[in-house]
């Protein structure tokens, strides 16, 4: 299906079909097409716009610009020599062209773009231009040492986003397992709907507690973002991290977070539903006190979270209460979390 086009043969380039899927191997054919398609006159400024907005000219320019940052990066960060940049830029461009020629490695029945030798030339030239202009850009760029130090410091800090992403990953597992048990077994069918929903935070409490004990203060979600639990004031190693987090304090922390704080909106909704059913005066008073306490607890948490987020180096109230904080497991030194969830 793929054929090589000899020099001078005109090929429509607006689309690729099984019949027109070819390899354009004439060097600088794009330049010829550009010059043939414009009426450039050096002394006639009215021809400049059509010349430099010609699609063939723009294709040449953007093919050069495509790998220019790649050449800069290879010299700036990896200290590659010119011949290494030349070879790597060529191979990178060849990867693009082979991907197009193979129809995305068999996903399409024929090439979805032409394989052009001019693309190889322009892409490789762009990588070399990036190599050549790197010294002029060094004045505006930080040193490699500074980049490494910044990356190491940011990797050691435990941001709110890292903790939230880890928490969501863990709850994805919890809800996935719960759904499978509910869908494919009869274990939960004997419980009421309210009890079934309460089993989710109970399962979460067990999951986080057991994982923290067995896997040195970490869970699957924490492992993904490279963080773990650690006792405040203790210099822990990853191997012995869990030994420094007492089980009772761990139970208290996970209970506050997963049995009380996260499901608190569900508890408030249940109490509101019970109040709507017209209970006795004593029960009504208890429900009002319970709902009010939970609402105040949630408001307190929101203010505490905002305070910790602004302060950037403060644990939330349940972490301080249990003398546990979250640290990064990507470095030898431990860093406390900026804020918590």
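We did not get these values from a lab; they are worked out from the coordinates using the rules stated. Treat the numbers as computed from the prediction; the structure is a model and nothing was measured. In this analysis, Cβ positions are derived from the backbone assuming ideal geometry, glycine residues included, and neighbour counts consider all displayed protein chains.
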> Using r as the Cβ-Cβ distance of residue 191 and residue 276, and R0 as 22 Å, what FRET efficiency do you calculate, to the nearest 0.05?
Replying inline: 0.45
> Length gain on complete extension for the stretch residue 307 to residue 293, per 0.36 nm per residue less the alpha carbon to alpha carbon distance?
Replying inline: 3.0 nm
> What is the packing order of peptides 265-274, 217-226, taking the mean over residues of other C-beta atoms within 10 Å and listing the highest first?
Replying inline: 217-226, 265-274
> Measuring from label point to label point, each 7 Å out along Cα→Cβ, what is the residue 210 to residue 132 span in nm?
Replying inline: 6.5 nm
>> Could you work out how much longer the chain between residue 87 and residue 172 gets when fully extended? Use 0.36 nm per residue separation minus the Cα distance between them, nm to one decimal.
In response: 26.2 nm
